[in-house]
Amino acid sequence: MQKIEAVIQPSKLDAVKDALVEIGVQGMTILEARGHGRQKGHTEFYRGREYSVDLLPKVKLEMVVADEMVEKAIQTILTTARTGTIGDGKIFVSKVDEAIRIRNDERGEIAL
């Protein structure tokens, strides 16, 4: 099992979520986040005053998938979330040793 964490633009959330469900990803956690990468934010004017916005709104998706689904899920996120501009986001993949369903103590991939 692998955990996929994707930080994407909020405007791409619905498209990415729908595409992942379509390929068979059964569960995911979605968190609102703020942050920046290389773009380092931007400046805006509000009521005639300039101020810096250095933490931009992002969305973080987390999901644990079976090993055979990892590459398919990554490609789905890449193609759906990509706009081609700076700030499109990142994907992180890490190994998951165990998954346990609290309701009935199922373990492993069956718990996903």
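Tell me the relative contact order for the chain as a rounded percent, counting alpha carbon contacts under 8 Å between residues six or more apart. About 42 percent, as a whole number.
If you take all other residues with their beta carbon under 9 Å from the beta carbon of L61, and give Lys and Arg +1 and Asp and Glu -1, the sum is 0. Per DSSP H run of at least 4 residues, take -39500 (n - 2.57); add these up for the chain, divide by its residues and hand me the 222 nm value, nearest 500 deg cm²/dmol. Dividing the helical sum by the residues of the chain leaves -6500 deg cm²/dmol. Taking the longest Cα principal axis of the chain as reference, the axis of helix 13-23 is set at about 20 degrees.
For the stretch 2-111, a Kirkwood hydrodynamic radius built from all Cα pairs, placed in the Stokes-Einstein relation at 4 °C and 1.567 mPa s, yields a translational diffusion coefficient of 83 µm²/s.
Any read-out appearing in this document is the output of simple, stated calculations on the displayed coordinates, not a laboratory observation. Being a predicted model, the structure only gives us computed values, none of them experimental. Glycine also receives a Cβ, built like all others from the backbone with ideal geometry; neighbour counts cover every protein chain displayed.
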